[in-house]
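The values are calculated or read from the model by the stated rules, or taken from the named source; none is laboratory data. Here the structure is a predicted model, which is why all the values come from computation and not from measurement. Here Cβ is always computed from backbone atoms with ideal geometry, including for glycine, and neighbour counts include all displayed protein chains. In case anyone asks, the SASA skips ligands and DNA or RNA and just uses the protein heavy atoms, side chains included. Shrake-Rupley method; radii C 1.70, N 1.55, O 1.52, S 1.80 Å.
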Amino acid sequence: MQSIRLRLTLWYTFAMTVTLAIFAAGLYWERRQAAVFEQETRLTERLTIEADFAERWLHESWKSLQTVVVPIEVIGTRVDTSFVLVSDVSAYFEGMGLRDYLAVSDNAGRPVYVSARATELGYEAAARMRDLLLRRPLEDRSGVVRLGPEGPPFRYQVRRVDSAGPQISGLLVAAQPEPLLYGPRELLRSMLIVAPLIVVASSILGYWLAANSLRPVDAIINEIEAITDGRSLHRRLASAPGRDDELGRLASTLNAMLARIETSFTALRRFTADASHELKTPLMVLRAGVERSLTHPDTPGDVVATLDETLRQVNTMNDLVTNLLTLARADEGRASLSLERADLGSIVAEIGETAEILGEEQGIEVAVTLPAEPVVLTVDPVRVRQLLLNLVTNAVKYTPEGSVAIALERDDRRAIITVRDTGIGIAAGDLPNVFDRFWRADPARSRAEDRPGVGLGLSIAKWITEAHGGTIAVQSRPGRGTTFVVTLPMDDTATLAAADQ
């Protein structure tokens, strides 16, 4: 099951990743737009400077030479007259080493000069440039054009020229945008390298922050887990004072709930203990009266049968009151153990003899298995006898026919007592409830003549086992029998556990 800390870390990592992605996309878009704008601005400024220079040079040449073009004859199907720049002017343009494309047109829109770089573009590109200069009226304008179907975009400026003589009408400068030295792609690549490191570092930081924030919750959980039974309800959560946040209110609410539960448990225990104690004396008097009537020689026979049933019910009620008083004292921590060194083998052997007597009437075979060496440990012999007697009584009671096996074994750290029968068994869904008070499995829930009982024997067995620092477990299958396994420690943990009772 995932913890809140892990879920918070995952959500924090997810939020950080989404935030970084949005930030990276926004930054990339903004840098790209800024780079494109800066590139276009610089390119426009460069084209303007070059156009100004070319226009100024044409003007100066016209002033000094009074002409900037010379006619040439093109011989073909017809004779036409065209012009080209005079050699001095065109040579100066070429000598400047212009890095962009330059074209100058006459008043008919025909080019009189095309820079060497422009001629390298090919016929189609030259035709597109000529189309830009052929547009009439010729006005100053700028824009972006592709000089071929698959060619790159070019930014151009068309400049009308009126100061270079009647033959010159305009010029065109064009340039292809150059890639940026550090553009958006490089920025995106850098962010893709840095972002995973940021996410990992943020996840580690988020996990630490979640752990630090949830540490009071862990403390509350540990303190609540320590309150495992009714004897610990006096404890309170120490994290409540001095906190005004949600955790402080949670601790205060839990403390108030524990106080109410403690009050209810205390009242219930006191009532159970007082009622059990007060019922002991009337039951003893009632039992003594019935027994005296049974032994009186003048008692009629039909009355004897009634008195015998009455005595049996009184004994059952007396057992119930005794068990209730035992559990009530155990809940209040007043059912102390009289610990002493004892041999479990002799106790198990004694209980085995009792089991043989109990099962003799039903024809139940009882087998007792003991180790070769004594199993000596610190226990309360009386309580251990009560524990084992409850188990074997249960085994005999719910075994109509078959056998009951009692075994004792040990290892270096524990003594293991096993009580196994071949009786009616317990359904798997009922196993978690077998140690609950007043609980009896459905097949044997009724208090019939053949299986009397009140459902407190296993609860007392569980308390005795845990009071000695041990554990008790049950395994069963309907129709296959039931096995109870009691484990008692061989070291001093039994003494320490009993001292806490």
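Results for (1) in contact with a Leu (Cβ under 6 Å, 6 or more places away or on another chain); (2) modelled with pLDDT of 75 or more; (3) surrounded by 14 or more Cβ atoms within 10 Å (Cβ to Cβ), shown as yes or no for each residue.
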| site | (1), (2), (3) |
| --- | --- |
| ARG159 | yes, yes, yes |
| SER163 | no, yes, no |
| PRO166 | no, yes, no |
| LEU181 | no, no, no |
| PRO184 | no, no, yes |
| LEU188 | no, no, yes |
| MET191 | no, yes, yes |
| PRO196 | no, yes, no |
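Cβ-Cβ contacts under 6 Å between residues 6 or more apart (or on different chains), taken from a first residue in segment 369-397 that is surrounded by 18 or more Cβ atoms within 10 Å (Cβ to Cβ) to a second residue that is hydroxyl-bearing (Ser, Thr, Tyr), are listed as THR378/THR495; ASP380/SER338.
Within segment 103-148, being farther than 11 Å from GLY170 by Cα, touching a Lys or Arg at 6+ places or on another chain (Cβ under 9 Å) and touching a residue at least 40 places away in the same chain (Cβ under 8 Å) holds for one residue alone: SER142. The number of residues in segment 398-425 that are over 21 Å from ALA467 (Cα atoms) and open to solvent by less than 50 Å² (accessible area, probe 1.4 Å) comes to 11. Of all residues in segment 103-129, those being within 22 Å of VAL89 (Cβ to Cβ) and not in a loop (DSSP other than H, G, I, E, B) number 14. Those strands (runs of 3 or more DSSP E) of segment 359-437 in which 3 or more residues are small (Gly, Ala, Ser) and out of contact with any Cys (no Cβ under 9 Å at 6 or more places or on another chain) occupy 403-410. Would you check if LEU320 is touching a helix residue (DSSP H, G or I) at 6+ places or on another chain (Cβ under 9 Å), at pLDDT below 90, assigned to a helix (DSSP H, G or I) and open to solvent by 60 Å² or more (accessible area, probe 1.4 Å)? Here the answer is no, as LEU320 does not meet what is asked. For segment 188-231, a residue qualifies if it is of a type in the set (Asp, Glu) and either farther than 30 Å from ARG270 by Cα or touching a Ser or Thr at 6+ places or on another chain (Cβ under 6 Å) (or both), and exactly one does: ASP218. Set side by side, the residues GLU291, GLU278, GLU353 differ, and just one is at pLDDT below 70, surrounded by fewer than 16 Cβ atoms within 10 Å (Cβ to Cβ), assigned to a helix (DSSP H, G or I) and not small (Gly, Ala, Ser), which is GLU278. Of everything listed in (1) of a type in the set (Asp, Glu); (2) modelled with pLDDT of 75 or more; (3) within 23 Å of VAL486 (Cα to Cα), the single unmet condition for ASP331 is (2). From the list GLU466, GLU449, pick out the single residue that is open to solvent by 20 Å² or more (accessible area, probe 1.4 Å), at pLDDT below 90 and within 37 Å of the chain's Cα centre (by Cα). Step by step, each of GLU466, GLU449 is checked, and only GLU466 is open to solvent by 20 Å² or more (accessible area, probe 1.4 Å), at pLDDT below 90 and within 37 Å of the chain's Cα centre (by Cα).
Checked against the criterion of being within 30 Å of MET317 (Cα to Cα) and either at pLDDT 65 or above or in a helix (DSSP H, G or I) (or both), segment 237-259 contains not a single residue that satisfies it.
Restricted to segment 91-137, and to residues there that are closer than 22 Å to ARG46 by Cβ and among the acidic types (Asp, Glu), the residue that is surrounded by the most Cβ atoms within 10 Å (Cβ to Cβ) is ASP100. The set of residues in segment 297-314 being part of a helix (DSSP H, G or I) and modelled with pLDDT of 75 or more consists of VAL303, VAL304, ALA305, THR306, LEU307, ASP308, GLU309, THR310, LEU311, ARG312, GLN313, VAL314.
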